[in-house]
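Throughout, read-outs are computed from the coordinates displayed, never taken from laboratory work. All values reported here derive from a predicted model rather than from experimental measurement. All Cβ positions, even for glycine, are placed from backbone atoms using ideal geometry, and neighbour counts span all protein chains on display.
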Amino acid sequence: MKTLLEKNKEWVQRVEQEQPGFFERLSQQHAPELLWIGCSDARVPANQIVGLLPGALFVHRNIANMVVHTDLNCLSVVHFAVDTLKVKYLIVCGHYGCGGVRASLEELRPGLVFHWLRHITDVREKHAELLSRAKDHEARVDLLCELNVAEQVRNLCRTSTLEDAWNSGSELTVYGLIYNIRDGLLQDLDLTVTGKGKCEAVYESFLERMRSKV
Ligand code: CO
């Protein structure tokens, strides 16, 4: 704990040196333009990997970056981000080598989290044929990580919050990204959805690309 508090002081000094008055200014407003939905994995820290300081991202993280239709926590974050904060961009960011995705694929039952991972198992079973074509186990894990992003983008687009916002003319864009923990690079999966009713075509063409790639 001592180390954490010291590191915190160092960080505050560094930020204030580069941008004097940063925290004072930030305390006056909370106006992020982006919502980030990512994995809890310690290797995928939202702000750091896109080089953004506090204030820029509204963040929701859970195991395997899922948008589950009955998850009041995630739904509340999405609703608050869209309805109150008026974010313009919503990002679902998966990552290769995701432990949650791997556990589902390897049919591990790591305690309570097993129930949460059933949602990934649904994705796995839905795309069983495509996954069976992966060249080896690691490729299969990474392919399921990508397919999971596509499914979560789709789930996000189908929430009542997004549908209502698009219906009322809000300009919201949803993106699907994947992060590579092996080199630190983000990749756009071309799952960009800009309006109600536009998700299915984006999703289908993503699957088509996956089928021709694997
Ligand atoms: Co993960």
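Take every DSSP beta bridge whose two residues both sit in the chain, then give the antiparallel share in percent to the nearest 5. The answer is about 20 percent antiparallel.
Regarding the range 1-63, what is the average projected area of its C-alpha convex hull, in nm²?
Working: hull surface 20.7 nm².
It is 5.2 nm².
In the range 97-214, Rg over Rh equals 1.00, where Rg is the alpha-carbon radius of gyration and Rh the Kirkwood radius from pairwise Cα distances. How many angstrom lie between the Cα centre of the range 147-212 and the Cα centre of the range 59-106? Each part's Cα centre sits 12 Å from the other's.
Obtain the radius of gyration and the Kirkwood radius of the chain from its C-alpha atoms and give Rg over Rh.
Numbers: Rg = 18.4 Å, Rh = 18.4 Å.
We get a ratio of 1.00 for the chain.
Taking the square roots of 5 times each eigenvalue of the Cα gyration tensor of the range 12-100, largest first, gives ellipsoid semi-axes of 25, 18, 9 Å. Each residue of the range 73-90 was assigned a 3J(HN,Hα) from its phi angle through the Karplus curve 6.51 cos²θ - 1.76 cosθ + 1.60 (θ = phi - 60°); the sequence is 5, 4, 4, 5, 4, 4, 5, 5, 4, 7, 7, 9, 6, 6, 4, 9, 10, 10 Hz, with glycine and proline shown as x.
Would you mind estimating how fast the range 54-158 diffuses translationally, via Stokes-Einstein at 20 °C and 1.002 mPa s with the Kirkwood radius over Cα pairs, in µm²/s?
Value of D from the Cα-based Kirkwood radius: 147 µm²/s.
Which GluC sites (Glu not before Pro) does the range 133-214 hold that lie in a coil by DSSP with at most 11 other beta carbons within 10 Å?
E171
Each Lys and Arg adds +1 at its Cβ and each Asp and Glu adds -1 at its Cβ; summed about the Cα centre, the chain shows a dipole of about 260 debye.
Quick check: the angle from helix 2-18's long axis to the longest principal axis of the chain, C-alpha only, nearest 10 degrees? Approximately 70 degrees, to the nearest ten.
Dividing the mean sequence gap of close Cα pairs (under 8 Å, 6+ apart) by how many residues the chain holds gives a relative contact order of 19 percent.
For the range 80-123, the convex hull drawn through the C-alpha positions has a volume of 107 cubic angstrom per residue. Give me D for the range 39-83 in µm² s⁻¹, whole number, from Stokes-Einstein with Rh from the Kirkwood sum over alpha-carbon pairs, 25 °C and 0.890 mPa s. The estimated diffusion coefficient comes to 212 µm²/s. When you filter the trypsin sites (Lys or Arg not before Pro) in the range 149-210 for DSSP loop state and at most 10 other Cβ atoms inside 10 Å of their Cβ, you are left with R182.
For the chain, C39, C74, C93, C98, C145 have no disulfide-compatible partner, since no other Cys C-beta lies under 4.7 Å from theirs.
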